[in-house]
Amino acid sequence: MSPLTASATANSNIAFIKYWGNCEPKARIPANGSISMNLGGLETRTTVTFDAFLDSDDLILNSQPVGGAALGRVSEFLNRVRRLAAINHFARVESENNFPMGAGIASSASAFAALALAASTAAGLELDEFALSQLARTGSGSACRSIPSGFVEWQADGCNPDSGAVSIAPPEHWDLRDCVAIISREHKPTGSTEGHALAYTSPLQESRVAGAPTRLAQCREAILARDFATFAEITELDSNLMHAVMMTSSPRLIYWQPTTLTVMQAVQNWRQEGISVCYTIDAGPNVHVICLTSDVELVAARLRQIAGVQDVLIAYPGGPARLVLEHG
Ligand code: DP6
């Protein structure tokens, strides 16, 4: 019998059309579809071992044992895998991010994508890419977009319970770069899961969701046509709409810091100068500044000159979640 162990890696991703709010929070059925790019160079590597001698699940993150809510969320996810595979062993989960912890980069997407692939393989399940994406979604919504390659759409028509993500273009389709301007390394006070639950307390959420299919189509077409001008307008609009919902939720969520706004304004000025550049912001103060590879040195250098920008990480369009074949 082959050992019940497997290792996998997955990239983080940045959404251009955002996921915010659920139709069904537990299964993470999103209120609207989203589009993202995998962030090559920012990845999580995870090994899962189901072991008959364990008397609980163990989680080791960047070489440190972790308990509490983080372990609870992983155990709940493993329960789903155990049910699907009809096994009942507990598991040891060892996970490492190659990007600095606390750098404010979303790690739940890469974490649950790598966990979905490693755990399902270790348990002997042979899931196709879409089924794997659906499984990853149940751990963290955005993780379903880190399973397929390159530019990815998470389809979500009418609260479809079978929602999952597919690739719409491979990484080499468009030579974009994401310069992540790190403004704070602090842990955010309200995580995404809590934030999603507040989305419908905003009077703006319904209209944001109603307009999502149009923005998804515009963004998808702009990516396929490599039309940066349209892509920039729709990406910034969608990010601003999500933050408008956050700011008008009850209680309100304001993730921006003064430097966030400084970077947003600088990016708009640079675009007016003729540089192909735009911004998008997740549930935190850091700004993802998207540009063409030809401008990446210039954009990163200008970002580093802004007071309050602590660091700039550069990511490229990344591939799919992959197994690491060392356990034979
Ligand atoms: C603002 O996927 O982190 O980054 O499903 O509760 O884990 P959970 O939420 P998560 O939400 C991501 C929100 C976002 C936008 C996006 O990535 O689409």
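Every number here is computed from the coordinates shown, using simple stated rules; none is lab data. On a predicted model such as this, the values are computed, not experimentally measured, just so you know. Virtual Cβ from ideal backbone geometry, glycine too; neighbours counted across all protein chains shown.
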Distance between region 249-272 and region 1-52 - C-alpha centres, whole angstrom: 27 Å
A correct Stokes-Einstein calculation for region 151-208, using the alpha-carbon Kirkwood radius, 4 °C and 1.567 mPa s, returns a whole-number D in µm² s⁻¹ of 84 µm²/s
Model label zone, Asn98; criterion: amide N under 20 Å from point 7 Å along Cα-to-beta-carbon; scope region 309-328: 312-328
Could you please report the charge total around Lys188, scoring K, R as +1 and D, E as -1 over all other residues with beta-carbon less than 15 angstrom from its beta-carbon? -1
Whether region 173-317 is rounded, prolate or oblate, judged on the alpha carbon gyration tensor where a/c under 1.5 counts as rounded: oblate
Looks like region 27-87, by Cα gyration tensor root eigenvalues a ≥ b ≥ c and the a/c under 1.5 rounded cutoff (else prolate when a/b is bigger than b/c, oblate otherwise), is oblate
Using only alpha carbon pairs under 8 Å that are at least six residues apart, calculate the relative contact order of the chain and give it in whole percent. 25 percent
Met264: net charge of surrounding residues, Cβ under 15 Å, Lys/Arg +1, Asp/Glu -1, itself excluded? -2
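Taking 37 °C and 0.692 mPa s as the conditions, I'd like the Stokes-Einstein D for region 47-135 in µm²/s, using the Kirkwood hydrodynamic radius from alpha carbon pairs.
Reported coefficient: 244 µm²/s.
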Going by average Cβ density within 10 Å per residue, which order do the peptides 147-154, 166-173 take, highest to lowest? 147-154, 166-173
Net charge near Ala222, counting Lys/Arg +1 and Asp/Glu -1 over other residues with Cβ under 14 Å of its Cβ? -3
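Could you order peptides 224-230, 89-95, 36-42 by the average number of other Cβ atoms within 10 Å of their residues, highest first?
Order by mean packing, descending: 36-42, 89-95, 224-230.
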For Thr248 and Ala307, compute 0.36 nm times the residue count separating them, minus their Cα-Cα distance, and round to one decimal in nm. 18.4 nm
Place the peptides 130-141, 283-294, 57-68 in order of packing, highest mean first, counting for every residue the other Cβ atoms within 10 Å and averaging per peptide. 130-141, 283-294, 57-68
Using the scaling law 2.2 N^0.38 Å as the reference, what is the normalised Cα Rg of the chain? 0.97
If I take the Cα coordinates of region 4-172 and project them onto the principal axes, what are the three extents in Å, biggest first? 44, 33, 28
